[in-house]
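Okay, structure first, notes after.
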Amino acid sequence: MDTGVLLISDVKSGERHSEEYCAMYDICGERSDGKVLNCPYGSPSVKPVELLSAKIQSLCPTISGNVCCTETQFDTLRAQVQQAIPFLVGCPACLRNFLNLFCELSCSPNQSLFINVTSIAELDGNMTVDGIDFYVTDTFGEELYNSCKDVKFGTMNTRAIDFIGAGAKNFKEWFAFIGQKADPGFPGSPYAISFKSIVPESSTMELMNVSTYPCGDTSLGCSCGDCPLSPACSSSEPPSPHKKDPCSVRIGSLKTRERRRHPSSKEPLLNVADNSETDEKLLLEVQDMVPEVSNGVQISVVQGYMSSFYRRYGIWVARNPTLVLCSSLAFVILLCLGLICFKVETQPEKLWVGHGSKAAEEKQFFDSHLAPFYRIEQLIIATMPDPKHGKLPSIVTEDNIQLLFEIQKKVDGISTNYSGSMVSLTDICLKPLGQDCATQSILQHYTSADTCLSAFKAPLDPSTALGGFSGSNYLERCGDFSLVVCGWCRKWRNEGIAGVEVVPVASAFVVTYPVNNAIDEVGNENGKALAWEKAFIQLAKEELLPMVQSSNLTLSFSSESSIEEELKRESTADVITIIVSYLVMFAYVSVTLGDAPHLSSFYISSKVLLGLSGVLLVMLSVLGSVGFFSAIGVKSTLIIMEVIPFLVLAVGVDNMCILVHAVKRQSLELPLEERISNALGEVGPSITLASLSEILAFAVGSFIPMPACRVFSMFAALAVLLDFFLQVSAFVALIVFDFLRAEDNRIDCFPCIKIPSSSVEPNEGINESRAGLLARYMKEVHAPILGLWGVKLVVIAVFFAFTLASIALCTRIQPGLEQKIVLPRDSYLQGYFNNVSEYLRIGPPLYFVVKDYNYSLESRQTNQLCSISQCDSNSLLNEISRASLEPESTYIAKPAASWLDDFLVWLSPEAFGCCRKFINGSFCPPDDQPPCCSPDEGPCGLGGACKDCTTCFRHSDLVNDRPNTVQFKEKLPWFLNALPSADCAKGGHGAYTNSVDLNGYESGIIRASEFRTYHTPLNKQGDFVNSMRAAREFSSRISSSLKMNIFPYSVFYIFFEQYLDIWKIALINIAIALGWYSRAS
């Protein structure tokens, strides 16, 4: 090598560095990976033949006349830049500047003026170029970088510079990446290129400074998405969705005043109850009482008639307790027979949204026209904080990579039985590009480091495989990902990128297994997935967690069915809680219903059997409600089984105590019939109005559109109604039987056993019960104090202050229901949700769905959607790109992946390696794909089966670089079936397979298509609600502007739609409730 350098340096500089002179001409060798190496000998430039000159002009219009490249060299140049063209062709100015750089390097007739061969190598006996200096002005480098830095690569929702420049932050970093000598099998230059901007003083060399084009150039202008600083685009500011404060806007003073009247609305009811307590007249005097009450307000009239009814009713029940008890129980037991049809609804979609929901309709449209969103199985492996500094160390170490390989091996080895067949990950996983699972893991790059693609032959977004980094800083140096991942491989295997050490700073591995999903759970597809998910969670708990913890790391995990399974587990565990609660309430009721304990008569005065019967009636009312709705086909929910028993128990115990104590307050001198009558006359109206209020309150909830709340309200309303019915019928009859038992000196719980009268003191057990401690406190202490004038003012002032404070603070209520709250505290999902918030740096996918896209040439909708050259500045994709510049308000993280942009680029004659056809007109794949190239035949070269393939179109075949209707219709299926590869990264298969609904597209209308981007990381429930609101506002504005039907869709929208107008629903329900209370008052 040194000898070669010395020999080159002996050549006279005047001959080597002059116009019309070449620094390296012709091919003198070929590496093991098929990359050719130039000859290191200078020679005069050569006049090409007419055909070669035309070829060179088509790619390098700045070069005319003599050239410094042979036809083989030019074909090599064309093949090499072909890999980058699909990334840049959407921005003509960037592409032209990029091509000019390599055209001047390879074919310029003045090559020797700015190219200096610095080292040579011997290969198969021939001397070849091993390194050069390329002298380029900083101006050219700066203009080149500025024209390309914002160009998007739609398939990955990221910048093209991340792929063809390793995420370079300036032109020097880009040049350093381009100039790196690639190891055999890796993409890049076969020899080292050192870009320099200062020519040695003694040299006659010059800096290459060919003309450049800014991205806003009028002739080669880029779209606003690729060139946001263009003068044509700079006036368009990123959208800033109008932020609404739903509380401050929607809470009106009128409703607030109505709500403040609510407590006082019960006062007349209480007053009448107090008046009725002093009434100890017989039933015959009731008629005299009613006119007296009617002289008051209207509610007193209603309560008066209710009191009259209950007095008559009490007499009837006391005379016919057996009939009342049996008939009421028979009615409710008949309802309980509906439990035979009992079913529980566990599908989250059917719990959160109804059939008329906009989110449900959009989800159904997306699933049926495009594809259901895949099931997600995920592992998050993270480092633990450094005990000294408290910082999270990098996760990317050789030991951790090896651990990840071991984990992957165990997951791949999961095999579970489903319906007699064994199911593994490969049977259910998403396979967009063949037979390999689309696993999102950093390990994907270790199986195909030569192409920098994942194992499933597609690029991998770093934010889906790494976590715990700040901003987009995946590494200490080298910027962003993809090719940088190959840089990691190079560092560990060689020297890194341009001598710069690559140090990853991500603190977590995120491994995601996308699994095929089915629209309905009627087939075997979801059944297999559910079986595998169960085995996956078991493996994570029993094997993976100890493995990771032994390496001083943390592991969290989840599957698509995890939340549902954990909720079921919690519900099963709550059965014990419900039973214990009912036992406690039974004990409480038994004690409170009885008289003050006396050893001599406790077995008679206690009310254990009555209390047990009352609790059983409460349970029967719940079962009756569930049975009725089950009979008419309404499915129950887990929350019904967990909440309603407690709710109805609380209401039922309260009414039972009121009824028993009302009877006990009556004079023993009255017959039992009259005591029951008077007691019901006193408390019957209060119990009725209170129960009716509770029933109507729940009934109002049945108008809520969310099925889970609506069904809960319906079940609760009927349960409270049945509970009230049993209390005023069966329980009153039981009170009659219990008092008859006590009067006959029969033992509680054993009514067949009668105690002789001589064994019981007179009036013991049925005597007038003395007022209890609580009753005496209320009568002798609490009520007199509240009657003081000063205390009244203080109480009113405190409650008024609390009311105002509640109204003011309600605006801080965050919408949503934290998932961690509804899950068991010991659930493995608790740690998973914490890690999702802490480590994930990308949010859920966001799709903008376009309905009825008219792609005909006569329609302007193509330019209204796309974002490449000649597209409208206010197109959908350009607006999405602008919105991504303001992620704090729009919640859009990246520009959208556009099948339309990539399709138009794929069709473009400039992307000559993409849309090609055989002589017979059939589709011809890129040169690096079969049948053009077979992987078993070694490196792919030019020629072979596809040597006669030509581009699909010439510029003259297109209309303003747009296909006509027939061309669009014919080539769209080609594009969607084209595999991406190094020679054409724009192939649509995999990335856009499900992005376009081709059903009926021949008519010129595509019924559904989607453009994919991502939300920003959503860590709180409010973020999910606000992101959905922002996306809908954005789509509404764009739809109105473009006169097209566009809506946003994300997998979580269906669970958060109700929160968009929850304040409106709440205020309507409050208004209805206040209206009822005002009417009742």
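The values are calculated or read from the model by the stated rules, or taken from the named source; none is laboratory data. If you're wondering where the values come from, they're calculated on a predicted model, not measured in any experiment. In this analysis, Cβ positions are derived from the backbone assuming ideal geometry, glycine residues included, and neighbour counts consider all displayed protein chains. Remember, those area values only see protein heavy atoms, side chains included, never the ligands or the DNA or RNA. Shrake-Rupley method; radii C 1.70, N 1.55, O 1.52, S 1.80 Å.
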By residue number, the members of region 952-975 that are without any contact (Cβ under 8 Å) to a residue 60 or more places away in the chain, assigned to a helix (DSSP H, G or I) and of a type in the set (A, V, I, L, M, F, W, C) are V966, W974
So, restricting to helices (runs of 4 or more DSSP H) that lie completely within region 167-281, which ones have at least 3 residues that are within 28 Å of Q111 (Cα to Cα), touching a helix residue (DSSP H, G or I) at 6+ places or on another chain (Cβ under 8 Å) and modelled with pLDDT of 85 or more? 171-178
Every residue from region 109-138 that is touching a residue at least 40 places away in the same chain (Cβ under 8 Å) and in a loop (DSSP other than H, G, I, E, B): P109, N110, D124, T137
Can you spot a residue in region 139-157 that is aliphatic (A, V, I, L, M) and more than 30 Å from P845 (Cα to Cα)? yes
Those residues of region 954-978 which are under 20 Å from N863 (Cβ atoms) and aliphatic (A, V, I, L, M), in sequence order: L958, V959, V966, L972
Quick one: in region 941-971, of everything that is of a type in the set (V, I, T) and under 22 Å from P925 (Cβ atoms), which residue is nearest to the chain's Cα centre (by Cα)? T951
Any residue that is within 30 Å of I695 (Cα to Cα), outside the structural domain of Y374 (by the TED database), out of contact with any Asp or Glu (no Cβ under 7 Å at 6 or more places or on another chain) and not in a strand (DSSP E or B) - is there at least one of those in region 998-1015? no
How many residues are out of contact with any helix residue (DSSP H, G or I) (no Cβ under 6 Å at 6 or more places or on another chain) and open to solvent by 20 Å² or more (accessible area, probe 1.4 Å) when one looks only at region 848-883? 9
Would you confirm whether any residue within region 604-613 is open to solvent by 20 Å² or more (accessible area, probe 1.4 Å) and closer than 24 Å to T688 by Cα? yes
Kindly indicate whether any position in region 381-394 is over 30 Å from S507 (Cα atoms), open to solvent by less than 30 Å² (accessible area, probe 1.4 Å) and either modelled with pLDDT of 90 or more or in the same structural domain as W899 (by the TED database) (or both). no
In region 499-513, residues that are surrounded by fewer than 20 Cβ atoms within 10 Å (Cβ to Cβ) and modelled with pLDDT of 80 or more total 1
Could you tell me whether V720 is crowded, with 21+ Cβ neighbours inside 10 Å, modelled with pLDDT of 90 or more and more than 29 Å from Y1059 (Cα to Cα)? no
Helices (runs of 4 or more DSSP H) completely within region 768-844 that count 3 or more residues being at pLDDT 85 or above: 783-786, 789-809, 828-839
Looking at region 910-924, can you tell me whether even one residue there is closer than 20 Å to Q864 by Cβ, aliphatic (A, V, I, L, M) and in contact with a helix residue (DSSP H, G or I) (Cβ under 8 Å, 6 or more places away or on another chain)? no
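Provide a single number: the residues in region 419-442 that are in a strand (DSSP E or B) and either open to solvent by less than 30 Å² (accessible area, probe 1.4 Å) or at pLDDT 90 or above (or both).
Pass one, region 419-442, residues in a strand (DSSP E or B): 421-424, 429, 440.
Still in the running and either open to solvent by less than 30 Å² (accessible area, probe 1.4 Å) or at pLDDT 90 or above (or both): 422-424, 429.
Looking only at that region, the number is 4.
Yes/no matrix, rows are residues, columns are (1) free of Cβ contacts under 8 Å to residues at least 12 places away in the same chain; (2) out of contact with any helix residue (DSSP H, G or I) (no Cβ under 7 Å at 6 or more places or on another chain):
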| position | (1), (2) |
| --- | --- |
| A805 | yes, yes |
| L809 | yes, yes |
| L817 | no, no |
| L846 | no, no |
| L885 | no, yes |
Out of Q870, Q929, Q864, I need the residue that is in contact (Cβ under 8 Å) with a residue 40 or more places away in the chain and in a helix (DSSP H, G or I). Which one? Q864
Filter result (at positive phi and buried (at least 22 other Cβ atoms within 10 Å of the Cβ)) within region 103-158: N157
Members of region 47-87 that are touching a residue at least 40 places away in the same chain (Cβ under 8 Å), part of a helix (DSSP H, G or I) and either farther than 24 Å from C148 by Cβ or open to solvent by less than 40 Å² (accessible area, probe 1.4 Å) (or both): I56, L59, T72, Q73, D75, T76, A79, Q82, I85, P86, F87
From the set of residues in region 1018-1043 that are in contact with a Ser or Thr (Cβ under 9 Å, 6 or more places away or on another chain) and outside any helix (DSSP H, G or I), which is nearest to N863 (Cα to Cα)? L1018
Can you name the number of the only condition in (1) out of contact with any Ser or Thr (no Cβ under 7 Å at 6 or more places or on another chain); (2) assigned to a loop (DSSP other than H, G, I, E, B); (3) buried (at least 21 other Cβ atoms within 10 Å of the Cβ) that A359 fails? (2)
Report whether or not T416 is among the β-branched types (V, I, T), modelled with pLDDT of 85 or more and under 20 Å from V510 (Cα atoms). no
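Residues checked against (1) touching a helix residue (DSSP H, G or I) at 6+ places or on another chain (Cβ under 9 Å); (2) at pLDDT below 80; (3) of a type in the set (A, V, I, L, M, F, W, C); (4) not in a helix (DSSP H, G or I):
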site	(1), (2), (3), (4)
A529	yes, no, yes, no
W532	yes, no, yes, no
F536	yes, no, yes, no
A540	yes, no, yes, no
M547	yes, no, yes, no
L555	yes, no, yes, yes
E560	yes, no, no, yes
K568	yes, yes, no, no
I576	no, yes, yes, no
Taking R665, is it open to solvent by 30 Å² or more (accessible area, probe 1.4 Å) and over 43 Å from the mean Cα position of the chain (by Cα)? yes
Residue that is nearest to V49 (Cα to Cα) [pool: residues in region 139-157 that are touching a residue at least 60 places away in the same chain (Cβ under 8 Å) and of a type in the set (D, E)]: E143
